[in-house]
1. Just going by the charge dipole of the chain, with Lys and Arg at +1 and Asp and Glu at -1 on Cβ, which of W77, S246, Y345 is farthest out on the positive end?
2. Given the DSSP H assignment, sum -39500 (n - 2.57) over each helix run of at least 4 residues in the chain and divide by its residue total; what's the result at 222 nm in deg cm²/dmol, nearest 500?
3. Spelling out what I want: for every residue of segment 63-73, take phi, set θ = phi - 60°, compute 6.51 cos²θ - 1.76 cosθ + 1.60 (Karplus), and round to whole Hz; glycine and proline get x.
4. Would you mind giving the three semi-axes, in whole Å and largest first, of the ellipsoid equivalent to segment 1-133 according to its Cα gyration tensor?
5. Excluding C275 itself, what net charge comes from residues whose Cβ is under 10 Å from its Cβ, given Lys and Arg +1 and Asp and Glu -1?
6. What percent do you get for the relative contact order of the chain when only Cα pairs under 8 Å and 6+ apart count?
7. Once the other residues with Cβ under 9 Å from the Cβ of S208 are scored (Lys, Arg +1; Asp, Glu -1), what is the net sum?
8. How much area per residue is accessible in the chain when the probe is 1.4 Å and only protein heavy atoms are counted (Å²)?
Amino acid sequence: MNPDLDALKPYPFEKLAALKAGVTPPEGLAHVPLTIGEPQHAPYPAALATLVDHQAEFARYPATAGLPELRAAIADWATRRFGLEGLDPDRQVLPVNGTREAIFAFVQAALDRTRPARVAVPNPFYQIYEGATLLAGGEPLYLDCSAGNGFRPDFDAVPAETWREVQIVFLCSPGNPTGAVTPLAEFEKLIALADEHDFLIASDECYSELYLDEAAPPPGLLEACAALGRHDYRRCLVFHSLSKRSNLPGLRSGFVAGDAELIAPFKRYRTYHGCAMALPVQRASITAWSDEAHVRANRDAYREKFAAATEILAPVMDFPVPEASFYLWPAVPGGDDEAFTRALYAEEHVSVLPGSYMGRVGAGGVNPGAGRLRLALVAEVEATVEAARRIRRFIERSQ
Ligand SMILES: Cc1ncc(COP(=O)(O)O)c(C=O)c1O
């Protein structure tokens, strides 16, 4: 087998299972998991109905490029959402089976192994950026995101000689696990650096529709391009998904959009890879990208939950109230994220993810995830409130 497989690190949930092994939580308390980022709100019913209506199309092979109607629906949505001059559905949009699959595949397709191949990732980070890089023969460059820099990478801290080796920069905005949002000016700055040092920007925006202030949707990379008059989106790609926006993580539907010079070879790669989206899934996706009412209702549900959970937890934990995403990223009272996670599970039957599992020791010599927890507020409001109460009770008891 490919020896690079040995470079893959244990997935955070494997480490969590090992941490909790042998612990018996109280029988009388139902388990509340705040671990996996899988939305528990109801999937958008109209999309499911469309899927069923078109089930006969499972009898046909789909094309890698997807249906023209799907690409058009995606281009319309992205143009509206990010105030673009336009997006060519044939050259600048490609449907994918969720952002995870696309992010993983894109690194394989994009990295040039004949020269130094570093891939900059925010640290802590969504683990696929690193795994994709290692399997493509590249080397991750961890850009620490800590409280001191607003949980966003400090691009000014990267020396010019390091930039020369960087081929791809991953952004994650709104961020998993920190919830931090990249401001438009920062996207613009990174675009200038990409031109100067000849790298690609891959912006993972799969949480872009889960924001708390209805009047302040998070900006995106294509929006920054448009603001700069860069309508060819040169060197830039965004990754979007229906998983969080429409509560359809099992549908496996998303898209990449941006620079046609990147989309064309990526499409060629995907034709060989054999990962075209099933036709009924494409039809359901058209329904989902064409409606905003269900997304607003989804945001309302998250807003209610965030308000309730933050009110309960703020007196006992220190955390930035995120502008977007469904995560809380609190500092652990006492500082030991693993010990806290294990004891909380043992005493209150609540599962959380130690922040250190999402980060690596970066340039600063520390793991910026250490001493924090990732709380995914994905459950319905009652279960989330119950979990927050138990966490608070646990902290008050331990103090
Ligand atoms: C930052 C980030 N990117 C991508 C994904 C993958 O989502 P999907 O493949 O369902 O679009 C996730 C899932 O949790 C995520 O947190």
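The values are calculated or read from the model by the stated rules, or taken from the named source; none is laboratory data. Keep in mind the model is a prediction, meaning the values are calculated, not measured. Cβ coordinates were reconstructed from backbone atoms using ideal geometry, including for glycine residues, and neighbour counts include every protein chain displayed. Each accessible area value is taken on the protein alone, full model and side chains, heavy atoms only, with ligands, DNA and RNA left out. Shrake-Rupley method; radii C 1.70, N 1.55, O 1.52, S 1.80 Å.
1. It is Y345, whose Cα lies furthest towards the positive end.
2. Calculated from helices alone, the mean residue ellipticity at 222 nm is -12000 deg cm²/dmol.
3. Listing the rounded values in order: 9, 4, 5, x, 5, x, 5, 5, 4, 5, 5 Hz.
4. Working: eigenvalues 227, 144, 54 Å².
Computed over segment 1-133, the values are 34, 27, 16 Å.
5. +1
6. Values: 791 pairs, mean separation 101.6, N = 399.
So the answer I get is 25 percent.
7. Details: positive: R81, K244, R245; negative: E205, E209.
Spelling it out: positives minus negatives among the neighbours equals +1.
8. Per residue, the chain has 40 Å² of solvent-accessible surface.
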